[in-house]
Amino acid sequence: MKERSATIERNTLETRIRLTLDLDGSGAGTRETGVGFFDHMLDQLARHGLLDLSIAAEGDLHIDAHHTVEDVGIALGQAFAKAIGDKRGLVRYGHAFCPLDEALARVVVDLSGRPGLYGEMAFPTAQIGEFDTELVREFWQGFVNHAGVTLHMDALAGDNAHHIAETLFKAAGRALRMACTRDERLGDELPSTKGAL
C-alpha cells in the first residue's frame, strides 16, 4: 500500500508551523497550537478521521488567534493535497452527520480539485471561552483553498456553541475519512468521467 503522508513547514512573520499528516492512521499525534479550544477541535478531526496528525504552531497570539488558526488550516490543506496524491481508486465523495447532545452537523466533501466552502455555520455566541467562533470558518476556508476540495458544512441544530463546533469537526473528519477510502472496484481508475481531478 502506497504511503499517504506529508510533512509541511510554513513559516511567516505571523506564524511558524510544522505539521505532519498520515491519512491511514488511527488518530494519533499531538496538537499544540497555543489555542486550547482549537487543539481540542483538531483532536476531534484527527480521531474521527483516523488521521495521524501532529501540529506544532507558534503564532502571534498576543494579537489574537486568527493568524494561527487560519495558517494551520492552510498547512493542513497543503499536507492533505500532497498526501492524497492523484486520487486514483478513491471513493472521492464523503458525508457524515454527527450529533452532540442538542447539536447536529452535516458535512459533505468532494475531492474535486476545486476549492469551495459552502453552508451555514451559525453560532449562538461570538466566543467559546477566548476562541472566536468566526475562526471555525476561517480554518476550513484555509483548508479547502489549499486542499482543493469542495466542502459543504452545515450546523443543523444546536444551542451550545462548543457543541456546534465540535459536531462540525467530528463530521468533517468522518466525511474526509470516507472520501479518502480506497474503492477496490475502481482499481487504479480516477473517480471521474473527465479523466482528471
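Anything in the stretch 183-195 that is under 14 Å from D110 (Cβ atoms) and small (G, A, S)? List them, or say none.
S192
Just one of the numbered conditions (1) in contact with a Leu (Cβ under 7 Å, 6 or more places away or on another chain); (2) surrounded by 16 or more Cβ atoms within 10 Å (Cβ to Cβ); (3) of a type outside the set (V, I, T) is not true of L50; which one?
Here L50 meets the rest and fails (1).
Out of everything in the stretch 45-78 that is in contact with a Gly (Cβ under 6 Å, 6 or more places away or on another chain) and of a type in the set (D, E), what residue ends up being nearest to F139 (Cα to Cα)?
Here the residue is E70.
Would you check which residues across the stretch 118-163 are over 16 Å from Y93 (Cβ atoms), of a type in the set (A, V, I, L, M) and in a strand (DSSP E or B) and list them?
I128, A155, L156, A157 - these are the residues of the stretch 118-163 that are over 16 Å from Y93 (Cβ atoms), of a type in the set (A, V, I, L, M) and in a strand (DSSP E or B).
Going by the structure shown, is T167 surrounded by fewer than 19 Cβ atoms within 10 Å (Cβ to Cβ) and either within 18 Å of G25 (Cβ to Cβ) or under 16 Å from the mean Cα position of the chain (by Cα) (or both)? First the steps, then the outcome.
Values: surrounded by fewer than 19 Cβ atoms within 10 Å (Cβ to Cβ): no; either within 18 Å of G25 (Cβ to Cβ) or under 16 Å from the mean Cα position of the chain (by Cα) (or both): yes.
Taking the combined requirement at face value, the residue does not satisfy it.
Name the residues in the stretch 1-36 that are aliphatic (A, V, I, L, M), over 21 Å from F131 (Cβ atoms) and assigned to a strand (DSSP E or B), would you? Before you say what the answer is, go through the steps one by one.
First pass over the stretch 1-36, keeping only residues aliphatic (A, V, I, L, M): 1, 6, 8, 13, 17, 19, 21, 23, 28, 35.
Applying the additional criterion that residues be over 21 Å from F131 (Cβ atoms) yields 1, 6, 8, 13, 21, 23, 28.
Those that are aliphatic (A, V, I, L, M), over 21 Å from F131 (Cβ atoms) and assigned to a strand (DSSP E or B): A6, I8, L21.
Read-outs: derived from the displayed coordinates by stated rules, not from any lab. Everything numeric in this text was worked out from a predicted model, so none of it was measured. Don't worry about glycine lacking a Cβ; one is built from the backbone with ideal geometry, like all the others, and counts go over all protein chains shown.
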